[in-house]
């Protein structure tokens, strides 16, 4: 087991048969804080960030963390303190960015359904840019800006109709997706936006999906976006920045996505060749910065044998780690204390929530007993941020590990917390 290469290594790995995050034993945290428990490695997050920075040396570029992946204040503070901007999709996310020390002028506001109140709050805060996803949204932002005696900086999110070859629920760049303005309608949309007095066109944006593990979809998207920039600028509208979104995948089950700097070395070759290497570049990574930085620790409550299936019933559930139930997503599941013997039994690892879809891993070979503790790996992205109180379960606590130090960044919800807002 000590030789096993885990997602998240070298920040998450076995040392003397004990699963460690940086210099902290995860079984010690499980005992101290209870389970389910999310634990994040600061070094893993900053290491992933550095891969993007390596690609952007000597470039006019800014990294905007797509905080929908994980919006915990302790995580946001790591990126804010490292000079990141943020990609938000709600007024609540804007409030959390500001609370975590992020700069409003480095915030991009994406999303298809911005409300007037959210737009006004973002204008008042002085954000960098709205990524606009429809012509009706142009009208609303213009109306709100004029009413506030302001000019809203905007970029149009263009849907390049590129297949990112990912799960359909996380594909965002095809014609059938709800996101963005159709490629063939983009030029007219820019011309329309240029006539609205409350708007200032600053850029162009695209985002084709999530968990992308190949370079070619990005190359296709960049080429199509630059074709549009050629045509838009030929019509007399200047584009200051090019925003190519996020979506770079991580290793969940042996996937081998390119490193961020490898991807961007290729894309900059294309951008430079087309003559746009001097433009300001924005990117919006989320999963690739936090996904393999986090684990969810859980305890085995029951082992249930059946004629066709064996079940390892744990105290974490679909309300804590929703990706398997939503996408049939894979997360590696490993013991906190490695056994020297080979696993003997194949289990479906399931939670206590009253749904047949409440499973965390199927057909996993484990050598476990009741009371043992397990780690659900690659849980830093789209787990806590998508968690819920289904079945009136309190959400888990969160801990941030920094070398040999641990910091509780969210306390466990209590039964009183569940009822606090109810009348």
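The values are calculated or read from the model by the stated rules, or taken from the named source; none is laboratory data. The model shown is predicted, which means the values in this text are computed figures rather than measured ones. Don't worry about glycine lacking a Cβ; one is built from the backbone with ideal geometry, like all the others, and counts go over all protein chains shown.
The condition (being at pLDDT 95 or above, in the same structural domain as residue 379 (by TED's automatic domain parsing), outside any strand (DSSP E or B) and surrounded by 14 or more Cβ atoms within 10 Å (Cβ to Cβ)) is satisfied by just one residue among 29, 19: 29. Restricting attention to the stretch 261-299, the residues being under 30 Å from residue 24 (Cβ atoms) and touching a strand residue (DSSP E or B) at 6+ places or on another chain (Cβ under 7 Å) number 11.
Table: residues versus (1) outside the structural domain of residue 188 (by TED's automatic domain parsing); (2) in a helix (DSSP H, G or I); (3) more than 18 Å from residue 182 (Cα to Cα); (4) touching a helix residue (DSSP H, G or I) at 6+ places or on another chain (Cβ under 7 Å).
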residue: 207; (1), (2), (3), (4): no, no, no, no
residue: 214; (1), (2), (3), (4): no, no, yes, no
residue: 218; (1), (2), (3), (4): no, yes, no, yes
residue: 224; (1), (2), (3), (4): no, yes, no, yes
residue: 228; (1), (2), (3), (4): no, yes, no, yes
residue: 232; (1), (2), (3), (4): no, yes, no, yes
residue: 236; (1), (2), (3), (4): no, no, yes, no
residue: 245; (1), (2), (3), (4): no, no, no, no
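Against the list (1) touching a helix residue (DSSP H, G or I) at 6+ places or on another chain (Cβ under 9 Å); (2) within 18 Å of residue 322 (Cα to Cα); (3) assigned to a strand (DSSP E or B), the condition residue 394 fails is (3).
Filtering the stretch 246-266 to residues that are crowded, with 20+ Cβ neighbours inside 10 Å and more than 12 Å from residue 288 (Cα to Cα) leaves 263, 264. Does any residue of the stretch 265-277 turn out to be closer than 18 Å to residue 48 by Cβ, touching a helix residue (DSSP H, G or I) at 6+ places or on another chain (Cβ under 6 Å) and not assigned by TED's automatic domain parsing to the domain that holds residue 329? The answer is yes; a qualifying residue exists.
Filter the stretch 105-128 for residues that are in contact with a helix residue (DSSP H, G or I) (Cβ under 8 Å, 6 or more places away or on another chain) and without any contact (Cβ under 8 Å) to a residue 24 or more places away in the chain; which is farthest from residue 50 (Cα to Cα)? Steps first, answer last, please.
Filtering the stretch 105-128 down to residues in contact with a helix residue (DSSP H, G or I) (Cβ under 8 Å, 6 or more places away or on another chain) leaves 107, 109, 112, 114-123, 125-128.
Now narrow it down to the ones that are without any contact (Cβ under 8 Å) to a residue 24 or more places away in the chain: 109, 126.
Details: 109: 24, 126: 27 Å.
Out of the qualifying residues, it is 126.
Applying the condition of being surrounded by fewer than 16 Cβ atoms within 10 Å (Cβ to Cβ) and within 18 Å of residue 355 (Cβ to Cβ) to the stretch 307-326 and asking which residue is nearest to the chain's Cα centre (by Cα) yields 326.
Residues that are out of contact with any strand residue (DSSP E or B) (no Cβ under 9 Å at 6 or more places or on another chain), in a loop (DSSP other than H, G, I, E, B) and surrounded by 14 or more Cβ atoms within 10 Å (Cβ to Cβ) within the stretch 349-386 comprise 353, 355, 382, listed in sequence order. For residue 370, are the conditions met, namely being in contact with a helix residue (DSSP H, G or I) (Cβ under 7 Å, 6 or more places away or on another chain), in contact (Cβ under 8 Å) with a residue 40 or more places away in the chain, outside the structural domain of residue 254 (by TED's automatic domain parsing) and farther than 21 Å from residue 253 by Cβ? Criteria not met by residue 370. Of all residue pairs spaced 6 or more apart or on separate chains, none has beta-carbon atoms under 6 Å together with a first member in the stretch 45-63 that is surrounded by fewer than 17 Cβ atoms within 10 Å (Cβ to Cβ) and a second member that is modelled with pLDDT of 95 or more and in a loop (DSSP other than H, G, I, E, B).
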